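The values are calculated or read from the model by the stated rules, or taken from the named source; none is laboratory data. Note that this is a predicted model, so its numbers are computed, not measured. Reconstructed Cβ throughout: ideal geometry from the backbone, glycine too, with neighbour counts over all protein chains shown.
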Amino acid sequence: MSKTRFVFVLLTLVSILAACAQPVTPPAEQPQQPAATEAPAQPAEAEPVKLVIWWWGEQEAPGAQQWLDETIAEYQKLHRNVTIEAVLQSTDSLIPAFQSAAAAQQGPDIQYFWGGVWTLEFAWSGALVPLDDLIPAEERAHYINNFERTYDGKLWGMGWYLSGNPMVYNPTLFEKAGIDLNDLPDTWDELIAACDKLNAIGVTPISGGLKDGWFGGWLFSILGRQNLDSEKDFMKASIGQAKFTDPAYAEWWERLNQLKEAKCWNADINSVDYQQGQDQFVQGKSAMIFGNDTFLKGWAEIIGWDNMGVMRVPKYGSGKLADTYVVTAQGLGITSWSQHKKEAADFLMFTHTPDRLNAWFKYTGVLPADDRFDTAQIDQPILKQIFEWVVQSSGPNLENFIPSMLDEQANFTGTQLLFAGDKTPAELAQLTEEVAQKWREQNPDQLQNFVNWYTK
């Protein structure tokens, strides 16, 4: 595999941006100022407005809290009648808390959502309003990955920042194990051979944590894609027009088991949670992780950029998705019960003004989900490589295109069962198919929404 490089051609960017069918639209080089959010401050006698935001993201993009605090302060200077309260949610409480709020029809005005089904399931239940009547079309067109939040021709949320999944490695440990940094593993056999070399020097090859389940969904999205061509293939199986026991869908369980049998993973993978598994890499206890590019800047502040590198996930399959870099846009939506929808929309637009987009990257090192971001700021080689992958070969996060029940009861649980030795790969493929069947039987309304989503 070649050394890290960065290629940025403006005409290529523009052409990708114009292709709305593409999963990710790369940021354009020249920022444009949306007039709607640059109005003068509200008059002192304007009616008081309080907006409540429930959000998540500091856990994934360290620096987000500082950016949000500053953004709220800047917005409130312009709008003296508006008070904004931001409440950071934990990973485990993010969805349950909002489910309770939706049931009671009270809670935040603005809510954080992961993409795809994690947004649309709440749109289908009536907890969200579309942004089409609140944010001008010319403004919405600048947001990246709108396809994840579009249903029935309407946009049900706004992308905030991009989140992708490289494989991150420790170059020092690779060199100690005799792994050539100029020829990184890019096939499955080469990955297993690298595990053997690292085990030989007493280093855990790959670390992860499955105790809280979330990493199991990551593994599905990163590994389960390799034999298929589109997110539509996974929607197709979810609605019963294909089976998760079919070889193209089931092989990833075999491949994950190969890594387990080759002792590629930390022995305590089922006993530590997602964050603890990532921390083992930062602590120098493992040589690789299936990582998230949103963590890179924060990790660099701890261990230094020289102590990590990024590579594409090694391949075993030949589907079109095998050559893509997993990217999603994490986002925000406006609740149906909010009494201040217009003000909430105005604040969302303010977060996408050029100053706020550039400040976001400054604080987090994470790409904002807007094509007006000034890409000249990307000067760190690893982040340039990430940007190149986003521009040239982005692909969908598959967790966003299957029912959340399937993710939780098949991917989360299934990976735990595999590493515990309680289920074989074939049994886990069957478990996935059974969960999909159960979801279809128990949720006919959601099934119909999924069918509509799949066919459009």
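Going by the conditions given, is Phe373 assigned by TED's automatic domain parsing to the domain that holds Asp92 and surrounded by 24 or more Cβ atoms within 10 Å (Cβ to Cβ)?
Values: assigned by TED's automatic domain parsing to the domain that holds Asp92: yes; surrounded by 24 or more Cβ atoms within 10 Å (Cβ to Cβ): yes.
For Phe373, the condition - assigned by TED's automatic domain parsing to the domain that holds Asp92 and surrounded by 24 or more Cβ atoms within 10 Å (Cβ to Cβ) - is met.
Going residue by residue through the range 296-308, is there one that turns out to be surrounded by fewer than 21 Cβ atoms within 10 Å (Cβ to Cβ), touching a strand residue (DSSP E or B) at 6+ places or on another chain (Cβ under 9 Å) and farther than 24 Å from Trp67 by Cβ?
No, the range 296-308 has no match at all.
Take the residues in the range 323-349 that are in a helix (DSSP H, G or I) and in contact with a Leu (Cβ under 8 Å, 6 or more places away or on another chain); name whichever of them is surrounded by the most Cβ atoms within 10 Å (Cβ to Cβ).
Step one: list which residues in the range 323-349 are in a helix (DSSP H, G or I), which gives 323, 341-349.
So of that shortlist, the ones also in contact with a Leu (Cβ under 8 Å, 6 or more places away or on another chain) come out as 341-345, 347-348.
Values: Lys341: 18, Lys342: 13, Glu343: 22, Ala344: 27, Ala345: 24, Phe347: 25, Leu348: 24.
Step by step, filter the range 323-349, then rank; the result is Ala344.
Tell me the residue from Gly309, Gly291, Gly304, Gly284 that is under 30 Å from Phe113 (Cα atoms) and out of contact with any helix residue (DSSP H, G or I) (no Cβ under 6 Å at 6 or more places or on another chain), please. Break it down into steps so the answer makes sense when it comes.
Values: Gly309 fails: out of contact with any helix residue (DSSP H, G or I) (no Cβ under 6 Å at 6 or more places or on another chain); Gly304 fails: under 30 Å from Phe113 (Cα atoms); Gly284 fails: under 30 Å from Phe113 (Cα atoms).
Among Gly309, Gly291, Gly304, Gly284, only Gly291 is under 30 Å from Phe113 (Cα atoms) and out of contact with any helix residue (DSSP H, G or I) (no Cβ under 6 Å at 6 or more places or on another chain).
Considering only residues that are part of a helix (DSSP H, G or I) and of a type in the set (Asp, Glu), look in the range 407-456 and name the one that is farthest from Glu121 (Cα to Cα). Before you say what the answer is, go through the steps one by one.
Initially, the range 407-456 is screened for residues part of a helix (DSSP H, G or I), giving 407-420, 425-442, 444-455.
Remaining after also requiring of a type in the set (Asp, Glu): 407-408, 427, 433-434, 441, 445.
Values: Asp407: 14, Glu408: 14, Glu427: 28, Glu433: 20, Glu434: 21, Glu441: 17, Asp445: 11 Å.
My answer is Glu427.
If you go through the range 405-414 one residue at a time, do you hit one that is at pLDDT 95 or above, over 27 Å from Lys263 (Cα atoms) and crowded, with 21+ Cβ neighbours inside 10 Å?
Step one: of the range 405-414, the residues at pLDDT 95 or above are 405-414.
Add one more test, that the residue is over 27 Å from Lys263 (Cα atoms), and what stays is 405-406.
Adding the requirement that they be crowded, with 21+ Cβ neighbours inside 10 Å leaves 406.
Yes: the range 405-414 contains one or more residues that are at pLDDT 95 or above, over 27 Å from Lys263 (Cα atoms) and crowded, with 21+ Cβ neighbours inside 10 Å.
Would you point out the residue of the range 204-246, among those that are touching a helix residue (DSSP H, G or I) at 6+ places or on another chain (Cβ under 7 Å), surrounded by fewer than 22 Cβ atoms within 10 Å (Cβ to Cβ) and among the acidic types (Asp, Glu), that is nearest to Phe401 (Cα to Cα)?
Asp229
Yes/no per residue for (1) in contact with a helix residue (DSSP H, G or I) (Cβ under 6 Å, 6 or more places away or on another chain); (2) in contact (Cβ under 8 Å) with a residue 24 or more places away in the chain; (3) under 30 Å from Lys77 (Cβ atoms):
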site: Thr353; (1), (2), (3): yes, yes, yes
site: Trp389; (1), (2), (3): no, yes, no
site: Glu399; (1), (2), (3): yes, yes, no
site: Leu428; (1), (2), (3): yes, yes, no
site: Asp445; (1), (2), (3): no, yes, no
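Yes/no matrix, rows are residues, columns are (1) modelled with pLDDT under 95; (2) assigned to a loop (DSSP other than H, G, I, E, B); (3) assigned by TED's automatic domain parsing to the domain that holds Pro314; (4) touching a strand residue (DSSP E or B) at 6+ places or on another chain (Cβ under 9 Å):
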position: Gln99; (1), (2), (3), (4): no, no, no, no
position: Pro108; (1), (2), (3), (4): no, yes, no, yes
position: Tyr112; (1), (2), (3), (4): no, no, no, yes
position: Gly126; (1), (2), (3), (4): no, yes, no, no
position: Pro130; (1), (2), (3), (4): no, yes, no, yes
position: Ile135; (1), (2), (3), (4): no, yes, no, yes
position: Glu139; (1), (2), (3), (4): no, no, no, no
position: Glu148; (1), (2), (3), (4): no, no, no, yes
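Picking from Leu162, Leu131, Leu181, Leu173, which residue would you name as being closer than 30 Å to Gly317 by Cα, surrounded by 23 or more Cβ atoms within 10 Å (Cβ to Cβ) and hydrophobic (A, V, I, L, M, F, W, C)? Even if it seems obvious, please write down each step before you answer.
Values: Leu131 fails: closer than 30 Å to Gly317 by Cα; Leu181 fails: surrounded by 23 or more Cβ atoms within 10 Å (Cβ to Cβ); Leu173 fails: surrounded by 23 or more Cβ atoms within 10 Å (Cβ to Cβ).
Unique residue meeting the criteria: Leu162.
I'm trying to understand the selection: among the residues of the range 94-126, which are hydroxyl-bearing (Ser, Thr, Tyr) and surrounded by fewer than 17 Cβ atoms within 10 Å (Cβ to Cβ)?
So the first thing to find is which residues in the range 94-126 are hydroxyl-bearing (Ser, Thr, Tyr), and the list is 100, 112, 119, 125.
Passing the criteria: Ser100, Ser125.
Pull out all pairs, ordered by first then second residue, where Cβ-Cβ is under 7 Å, the residues are six or more apart or on different chains, the first lies in the range 112-140 and is under 19 Å from Gly57 (Cα atoms), and the second is assigned to a loop (DSSP other than H, G, I, E, B) and small (Gly, Ala, Ser).
Tyr112/Gly57; Phe113/Gly157; Thr119/Gly157
Would you be able to tell me the number of residues in the range 46-59 that are surrounded by fewer than 19 Cβ atoms within 10 Å (Cβ to Cβ) and in a loop (DSSP other than H, G, I, E, B)?
5
Quick one: would you say Gly421 is without any contact (Cβ under 8 Å) to a residue 12 or more places away in the chain and either more than 18 Å from the chain's Cα centre (by Cα) or assigned by TED's automatic domain parsing to the domain that holds Met235 (or both)? Don't jump to the end; show me each part of the working.
Working: without any contact (Cβ under 8 Å) to a residue 12 or more places away in the chain: yes; either more than 18 Å from the chain's Cα centre (by Cα) or assigned by TED's automatic domain parsing to the domain that holds Met235 (or both): yes.
Answer is yes for this residue.
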